[in-house]
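As structure tokens, the structure follows; a few thoughts come after it.
The values are calculated or read from the model by the stated rules, or taken from the named source; none is laboratory data. Small disclaimer: the values here were computed from a predicted structure and weren't measured. Don't worry about glycine lacking a Cβ; one is built from the backbone with ideal geometry, like all the others, and counts go over all protein chains shown. For the accessible areas, the whole protein counts, side chains as well, though only heavy atoms, and no ligand, DNA or RNA atoms are used. Shrake-Rupley method; radii C 1.70, N 1.55, O 1.52, S 1.80 Å.
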Amino acid sequence: MKNLIVIREAEQSDHTFIFELSPNLAEVAKLEWHTDDVVIKMQDDYISEMLAEASQPNATFIAEINNVRLGFIHVRTHKDEISCEICGTIPLLAVSPKSQGLGVGKALIQYAENWVKELGCRLLHLEVFANNKKAKGFYENLGFKSETIHMIKPI
């Protein structure tokens, strides 16, 4: 019998697990013009910000099999920069390295899609570091399209 991925809302006791994935998120960013310590601090601060109370609808979900945590996703609403309508956005998605390739990320994305649909949103945004080609391919396979490119140049 195949183990099923269960997705549930994150609890305070999940925060340690979420922060344990922070170095993996920082590593795939590949921001060579910053030190590793700076990138990890940025990622930790961003996770803290996402887990804090917010005025807009938001949620963090945990994926697990047999009570073993495999990954998480954070989803919230924001105003679309083009249409000004309220839409969903995924600022964080992480799957533990040993759990990649098991469909965990896809299941988390689908859960987030359903969450924003229930709020009446018709769009779901996300951002990915340009150097993270693996993630970009993953998102494109799920139907995400690039509309904007954010570029940076160290000077």
**Item:** Residue list for the stretch 1-23, restricted to those being open to solvent by 50 Å² or more (accessible area, probe 1.4 Å) and either of a type in the set (Phe, Trp, Tyr) or in a loop (DSSP other than H, G, I, E, B) (or both)
**Value:** Met1, Lys2, Asn3, Leu4, Ile5, Glu11, Phe19
**Prompt:** Do any residues in the stretch 1-30 that are within 14 Å of Ser48 (Cα to Cα) and modelled with pLDDT of 75 or more have Cβ atoms under 9 Å from those of residues that are of a type in the set (Phe, Trp, Tyr) and open to solvent by 30 Å² or more (accessible area, probe 1.4 Å), where the two are at least six apart or on different chains, and which pairs are they?
**Reply:** Ser22/Tyr46
**Asked** Does Val128 satisfy the criteria of being open to solvent by less than 90 Å² (accessible area, probe 1.4 Å), of a type in the set (Val, Ile, Thr) and over 22 Å from Val6 (Cα atoms)?
**Response** yes
**Asked** Out of curiosity, is Ala54 surrounded by fewer than 15 Cβ atoms within 10 Å (Cβ to Cβ) and within 22 Å of Phe17 (Cα to Cα)?
**Response** yes
**Fill in**
Of the conditions (1) of a type outside the set (Gly, Ala, Ser); (2) open to solvent by 50 Å² or more (accessible area, probe 1.4 Å); (3) under 15 Å from the mean Cα position of the chain (by Cα); (4) under 19 Å from Ile18 (Cβ atoms), the single one that Thr60 does not satisfy is (2)
**Request:** Kindly state which helices (runs of 4 or more DSSP H) lie completely within the stretch 36-146 and contain at least 2 residues that are under 23 Å from His15 (Cβ atoms) and modelled with pLDDT of 90 or more.
**Result:** 104-118
**Prompt:** Does the stretch 24-43 include one or more residues that are in contact with a Gly (Cβ under 9 Å, 6 or more places away or on another chain) and on the phi < 0 side of the Ramachandran plot?
**Reply:** no
**Prompt:** Just checking, which of Leu119, Leu102 is within 22 Å of Glu27 (Cβ to Cβ) and not aromatic (Phe, Trp, Tyr)?
**Reply:** Leu102
